[in-house]
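Single-structure report; data block below.
The values are calculated or read from the model by the stated rules, or taken from the named source; none is laboratory data. Only a predicted model underlies this, so the values are computations on that prediction, with no experimental measurement involved. Reconstructed Cβ throughout: ideal geometry from the backbone, glycine too, with neighbour counts over all protein chains shown.
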Amino acid sequence: MDLNNKETQAGSKIDLIKNLIFGDDIQAYDSEFEALKKDILEKKRILEELVEDVRTELNTALDSVATDVNIRVTELEEKLEDKIETLDAEKLDGKTLGSILIELGEKVSKK
C-alpha cells in the first residue's frame, strides 16, 4: 500500500509541475496534440491506401508489358522460322542466309 501511495504522490507532483510550466493551457495543448495525432494517423492511412493503389496499378502495367513482350518475341520467332523455311525452300547459300539474318537482327534492334 505504501508503494501505491508513493506512485500517487509522484503522479500528483508531475501534474503540479505540468501546471506550473504550462499553466491552465495544458488541456488546450493536450487537445491540440490529440488533433494533430489524429490528423497524422488519417494522412498515414490515406498514404498507405495510395501506395497500395499504385502498387496494384504497377503490377497490372508490368503484367501488360510482359504479355506484350512475350507476344512480340513469339511473332519474331515465327517470322524468323518463316524466313528460314523460305530460305531452305529457295536453297540459298550460307552467305545470303547470314546477311538476311543480320538484316533481321538490325531491324529488331531498331525497334
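Conditions (1) touching a helix residue (DSSP H, G or I) at 6+ places or on another chain (Cβ under 7 Å); (2) hydroxyl-bearing (Ser, Thr, Tyr); (3) assigned to a helix (DSSP H, G or I), marked per residue:
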| position | (1), (2), (3) |
| --- | --- |
| THR74 | no, yes, yes |
| LEU87 | yes, no, yes |
| GLY98 | no, no, yes |
| ILE102 | no, no, yes |
Exclusive hit being under 40 Å from the mean Cα position of the chain (by Cα), surrounded by 10 or more Cβ atoms within 10 Å (Cβ to Cβ) and either modelled with pLDDT under 75 or hydrophobic (A, V, I, L, M, F, W, C) (or both), set LEU87, LEU76, LEU92: LEU76
Residue that is at pLDDT 95 or above, surrounded by 10 or more Cβ atoms within 10 Å (Cβ to Cβ) and of a type outside the set (A, V, I, L, M), where the choices are ASN59, ASN70, ASN19: ASN59
Evaluation of ASP39 against (1) surrounded by fewer than 10 Cβ atoms within 10 Å (Cβ to Cβ); (2) modelled with pLDDT of 95 or more (one fails), failing number: (1)
